[in-house]
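The values are calculated or read from the model by the stated rules, or taken from the named source; none is laboratory data. Small disclaimer: the values here were computed from a predicted structure and weren't measured. We place every Cβ from the backbone using ideal geometry, glycine too, and count neighbours over all the protein chains shown.
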């Protein structure tokens, strides 16, 4: 997912360059906690909430499939289904 993103090394370096005068184990714990927080914030801002997006797309596709069972989809709905499937493919690459 985001392990290959070009911003990741910069975030890790920035957090780990923080100088602490605590003992080694405390310093490690602080840096790990800071790394987790920084990566969480970065992930949410960069990738939004991937799980929410995926769930939203799956619900929309399910509604379109139910509609398709009763009648052919309009051009607009067919286009929406294609774009939703494309977006879902992109999201699955992020996982």
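Residue count for segment 46-79 under the criterion of being closer than 30 Å to residue 4 by Cα and either in contact (Cβ under 8 Å) with a residue 40 or more places away in the chain or in a helix (DSSP H, G or I) (or both): the result is 14.
Every residue, every condition in (1) surrounded by 11 or more Cβ atoms within 10 Å (Cβ to Cβ); (2) touching a helix residue (DSSP H, G or I) at 6+ places or on another chain (Cβ under 6 Å); (3) not in a helix (DSSP H, G or I), yes or no:
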position	(1), (2), (3)
6	no, no, yes
9	no, no, no
28	yes, no, no
32	yes, no, no
39	yes, no, no
44	yes, no, no
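In the condition set (1) over 29 Å from residue 15 (Cα atoms); (2) assigned by TED's automatic domain parsing to the domain that holds residue 9, residue 85 is compliant with all but (2). Of all the residues in segment 12-26, those that are at pLDDT below 90 and either surrounded by 14 or more Cβ atoms within 10 Å (Cβ to Cβ) or under 16 Å from residue 87 (Cα atoms) (or both) number 0.
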